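Trainee: Take a look at this one; I'll ask things after.
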Amino acid sequence: MITTALTFDELSTLMKQAAGVTVDARELEKAPDAPFTTLGLDSLGLLGIVGELENRYGVALPTDAERCKTPGEFVDLVNHTLRTGV
Amino acid sequence: MSTERPRRAVVTGIGVIAPNGLRADAYWKSVREGLGVLDRITREGCEDLPLKVAGEVRGFDPSDLIEEPFLVQTDRFSHYAMAAAQLALDDAGLVHDGPEEPFSIGVVTAAGSGGGEFGQRELQKLWGQGSKFVGPYQSIAWFYAASTGQISIRSGLKGPCGVVASDEAGGLDAIAHAARGVRRGTGAVLVGAAEAPLAPYSMVCQLGYPELSTVEDPDRAYRPFTSAACGFVPAEGGAMLVVEEESRARDRGAAVRAVVAGHGATFTGASRWEESREGLARAIRVALDEAGCAPEEVDVVFADALGVPEADRAEALAIADALGAHATRVAVTAPKAGIGRAYCGAPVLDTAAAVFAMEHGVVPPTPNVFDICHDLDLVMSRARPAELRTALVLSRGLMGSNAALVVRRGDESAR
């Protein structure tokens, strides 16, 4: 069973890698409800992060993942899927 | 209100990313000196291909000018275009922290091949690892329109935008398209082209062109109008111009650097160089006519200069057909012999050089060319001082498009 969980540190790294957006992980942690769009991440950027996570963990994330508006919402949804498999 | 002067399209800004200069002034200095920068291709993955010499853009760090998210999403050809666009806007003093009138400014680029390097990388992931490994930006990075879209988004320019896909000569057609837009009511258009043809897949695509020079000596690989002409070498980079409505430019105190006065375009078929004579001559006549310019008024011709004997002959004859007796007297030059042909970017670079040439009163020389076998007054070896009021820029594409653009010196008032 998968024991890993997506952290804000990893999300910050993925945002940089997949979309060229530089955001400090602490900032994401402090304001998890700040919208991705105001952080500079567009929908294609989030789609790229979803693809990267699916390849990394070998699981399919729900289509809602790419529709998440905020880092908090996204991390919760991804970790829920990793824990429960759905 | 018929006394109102017609709207004129003028050049107020120039941005260049070229093998011989990463700013417009650096490019012009090199062109004026007639420096040749053709060299062995050093790009990764290109070492074993039979094309050995090109004009490479070196020492370019796109992050100096462009934010990381825009770089991640785009191919090298858009990196060049976005950087040149920013430099052109800076030069024109048009936009810094967001334009006041975003709907009055449009973007038009010409593109010959799109983002080959980005596309190759993602297609390798597709066939190497599977569809889930293809990044989403593949959907926007590799197609012709990418640079126009990204420049528009990045600079917040919401006026009429477009992409001209009409072969190499499309660089001139794009400038004409921008000028028409300005005459019809658009305040300004950021227009030009930049290409990135030096990547493995892109290079393989070019190997099929019979006009491509595979000569390995950089000084001998591209020598248009000579008896040793053996084809052309490609280059990367290009230029962007701010083409603006004249009174708008004057009202905000911008320098009017040149007037886009006339344009003509024709099509005569892929690699049918003999037939390009008639097509190019016709394009020149149409451009002169639109500019209200007599053949004798042309002070300098920036030649297409393909470097293929048959094509060079056709161009020399086309100039003679269109300019008559003036053809043997007018100064002709081909700066691209020193930097290569950046496909759609090439005629825009030539247009930039034409503006500088008129401003500085000097015809730049044709690098690597010392003895020609056509009846033209080709400027060689060193720049020639001359009073230049009108320049004619010519371009032909490998697929058969021909275009001519007439630009006039900026301080000339309406005739």
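Trainee: Is there a residue being crowded, with 16+ Cβ neighbours inside 10 Å, away from every other protein chain (no Cβ under 14 Å) and within 20 Å of A:Glu54 (Cβ to Cβ) anywhere in region A:9-17?
Mentor: Within region A:9-17, one or more residues are crowded, with 16+ Cβ neighbours inside 10 Å, away from every other protein chain (no Cβ under 14 Å) and within 20 Å of A:Glu54 (Cβ to Cβ).
Trainee: Condition first: modelled with pLDDT of 95 or more and in a loop (DSSP other than H, G, I, E, B). Now tell me which residues in region B:112-128 satisfy that.
Mentor: B:Gly115
Trainee: Tell me, which residue of region B:20-39 that is touching a Leu at 6+ places or on another chain (Cβ under 8 Å) and part of a loop (DSSP other than H, G, I, E, B) is nearest to B:Pro365 (Cα to Cα)?
Mentor: B:Asn20
Trainee: Just one of the numbered conditions (1) in a helix (DSSP H, G or I); (2) outside the structural domain of B:Asn368 (by TED's automatic domain parsing) is not true of B:Ala316; which one?
Mentor: Only one criterion in (1) in a helix (DSSP H, G or I); (2) outside the structural domain of B:Asn368 (by TED's automatic domain parsing) is unmet by B:Ala316, namely (2).
Trainee: Further question on the same structure: Could you please tell me which pairs satisfy a Cβ distance under 6 Å, a separation of 6+ or placement on different chains, a first residue in region B:129-155 that is within 14 Å of chain A (Cβ to nearest Cβ), and a second residue that is assigned to a helix (DSSP H, G or I) and among the polar types (S, T, N, Q)?
Mentor: Cβ pairs passing all conditions: B:Lys132/A:Asn55; B:Ala146/B:Ser78; B:Gln150/B:Ser78.
Trainee: Let me ask another. Could you run through region A:33-58 and say how many residues are away from chain B (no Cβ under 11 Å) and not in a helix (DSSP H, G or I)?
Mentor: Total satisfying the criteria: 3.
Trainee: Go through B:Ala283, B:Ala255 for me and flag whichever is buried (at least 24 other Cβ atoms within 10 Å of the Cβ), in contact (Cβ under 8 Å) with a residue 24 or more places away in the chain and outside any strand (DSSP E or B).
Mentor: Being buried (at least 24 other Cβ atoms within 10 Å of the Cβ), in contact (Cβ under 8 Å) with a residue 24 or more places away in the chain and outside any strand (DSSP E or B) holds for just one of B:Ala283, B:Ala255, which is B:Ala283.
Trainee: Kindly provide the set of residues from region A:19-41 that are surrounded by fewer than 16 Cβ atoms within 10 Å (Cβ to Cβ) and among the charged types (D, E, K, R), ordered by number.
Mentor: Matches in region A:19-41: A:Asp24, A:Arg26, A:Glu27, A:Lys30, A:Asp33.
Trainee: Any residue in region B:26-42 that is on the phi > 0 side of the Ramachandran plot and of a type outside the set (A, V, I, L, M, F, W, C) sitting within a Cβ distance under 7 Å of a residue that is assigned to a loop (DSSP other than H, G, I, E, B) and buried (at least 21 other Cβ atoms within 10 Å of the Cβ)? List the pairs, counting only those 6 or more apart or interchain.
Mentor: B:Gly34/B:Pro364; B:Gly34/B:Pro365; B:Gly34/B:Pro367
Trainee: Let me ask another. Select, from B:Phe103, B:Phe133, the only residue that is touching a helix residue (DSSP H, G or I) at 6+ places or on another chain (Cβ under 7 Å), assigned by TED's automatic domain parsing to the domain that holds B:Arg154 and farther than 30 Å from B:Ser401 by Cα.
Mentor: B:Phe133
Trainee: Anything in region A:12-35 that is hydrophobic (A, V, I, L, M, F, W, C) and in contact with a helix residue (DSSP H, G or I) (Cβ under 6 Å, 6 or more places away or on another chain)? List them, or say none.
Mentor: Correct list: A:Leu14, A:Ala18, A:Ala19, A:Val21, A:Val23, A:Ala25, A:Leu28.
The values are calculated or read from the model by the stated rules, or taken from the named source; none is laboratory data. Bear in mind that the values here come from a model prediction, so they are computed numbers and not experimental data. Because the Cβ atoms are built from the backbone with ideal geometry, glycine has one as well, and the counts that use them run over all protein chains shown.
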